[in-house]
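Each reported figure results from applying straightforward, stated rules to the coordinates on display, with no laboratory input. Fair warning: this is a prediction, and the values are worked out from it, not measured in the lab. With ideal geometry, Cβ positions are generated from the backbone for all residues, glycine too; neighbour counts draw on all protein chains shown.
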């Protein structure tokens with residue numbers, strides 16, 4: 001009897017990408033398929049960061065219902081916010097929290113409908129030693145968040161910050177390095193809080209990872225400005241640290257940062273970013289436009305400050321109300337169309353800054369080739385800028401050093417001739 005086929009649909013952040021890989025690795029009684037239409041079972045690893053994220057999950061379930069009769073299971077952050085209502089309406093066969101993902105065979109084999117939200121104090125013990133369809137490896141180093149930003153629901157669905165066991169992380173990376181992975185992306189709900197509960201730190205962990213044979217580049221998920229400590233500053237010149245840091249600001253107006261209950265202070269953020277820039281770092285940030293209370297005056301101030309910052313990358317959103325958060329009751333609300341205009345204004349600014357950064361850089365690009373399409377190879381350099389390479393040679397999965405390239409508007413471009 002052939003095994004039933006399972007398709008994984010992942011929404012949201014890198015932590016969810018990692019969790020989906022854990023579930024794939026734990027699946028024994030079923031077969032994984034990457035073709036949605038041939039699946040007998042669909043596991044949705046959901047995001048609930050905004051009301052809109054919940055809507056995406058519901059509309060995906062609606063599409064599935066029209067297309068085939070696959071059994072649908074819900075996990076991820078949305079399990080805690082929308083799981084019960086989706087189960088009660090018969091739209092999913094079962095709901096389980098992040099802590100239950102290693103028991104996925106058991107979950108999928110249950111005959112009756114179930115709701116298992118799991119444990120928000122759970123510490124992941126899973127080790128992933130292969131990544132299906134990936135050339136970079138995501139390593140989950142912590143879970144949860146102790147910050148209480150006024151717009152964010154995540155601490156309520158992921159729990160307080162807790163660190164993974166260091167020996168387990170090192171074991172996983174050693175195993176992946178032996179399997180040919182050279183770039184490791186450290187991820188979690190709030191990566192920079194790693195170690196505070198186990199008498200360690202992010203910098204200490206990264207130094208230990210760098211000593212593992214085969215580790216070529218270490219990249220971080222988003223960190224908070226206050227998590228760039230003196231100890232962290234000491235590793236900035238290490239060759240294994242990607243020359244790109246993503247540091248979450250969320251805003252650059254001091255008054256807006258207070259409304260958002262953020263811990264960062266703009267003047268300190270500016271000094272930190274200028275220091276990083278002086279050391280050749282590309283710098284990305286998270287930003288929310290249209291949060292309640294964002295007057296035109298405060299927005300103008302934010303744009304002046306954003307122009308002053310040496311930013312090169314942006315992960316920005318228009319504010320989306322998330323029920324159960326303080327921001328959801330704040331006034332005055334900002335018109336959605338205006339919030340989108342502000343978002344585009346900010347995106348245009350950072351796009352121009354990125355282009356100027358790439359034009360000003362004169363060194364070699366260290367590129368990991370991740371995929372190929374129509375004879376063009378795509379990868380990212382040490383500044384997390386996209387590089388497209390034309391070559392007759394098979395470059396997939398290789399590390400390439402490029403000294404001769406053309407700076408285009410969206411990416412850097414190079415041609416490699418086979419000698």
Worksheet entry | Largest-first ellipsoid semi-axes for the stretch 137-360, taking √(5λ) over the Cα gyration tensor eigenvalues, angstrom | 32, 21, 14
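Quick one: work out the % antiparallel among DSSP beta bridges in the stretch 5-116, nearest 5.
Working: 0 of 18 bridges.
Bridges in the stretch 5-116 that DSSP calls antiparallel: roughly 0 percent.
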Discussion item. Quick check on the stretch 205-269: what are the equivalent-ellipsoid semi-axes from the Cα gyration tensor, as sqrt(5λ), descending, whole Å?
Written reply: 30, 11, 9
Item to complete: Quick one: Debye curve from the alpha-carbon atoms of the stretch 365-416 only, equal weights, vacuum; give me log10 I(q)/I(0) at q = 0.22, 0.25 Å⁻¹ to two decimals.
Response: -0.69, -0.92
Item to complete: Please order 303, 260 by the number of other Cβ within 10 Å, starting at the fewest.
Response: 303, 260
Discussion item. Looking only at the chain, where both bridge partners belong to it, what percent of the DSSP beta bridges are antiparallel (to the nearest 5)?
Written reply: 30 percent
Worksheet item: With N residues in the stretch 243-289, what two-decimal value do you get for its Cα radius of gyration over 2.2 N^0.38 Å?
Response: 1.16
Worksheet entry | Rh (Kirkwood; distinct C-alpha pairs) - the chain, Å | 22.9 Å
Worksheet item: Å³ per residue of the Cα convex hull, for the stretch 203-325?
Response: 120 Å³
Worksheet, complete the sentence: One finds, for residue 362 and residue 261 with R0 = 45 angstrom and r their Cβ-Cβ distance, a FRET efficiency to the nearest 0.05 of 0.60
Worksheet item: Hey, how many Å between the Cα centroid of the stretch 234-290 and the Cα centroid of the stretch 58-111?
Response: 37 Å
Practice prompt. For the stretch 5-116, list log₁₀ I(q)/I(0) at each q in 0.10, 0.20, 0.21 Å⁻¹, using the Debye formula over Cα point scatterers of equal strength and ignoring solvent, two decimals each.
Written response: -0.23, -1.06, -1.19
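In what order do 100, 297 fall by count of nearby beta-carbon atoms within 10 Å, going from fewest to most? Before the final figure, lay out the partial values.
Numbers: 100 19, 297 10.
Fewest to most other Cβ atoms nearby, the residues stand as 297, 100.
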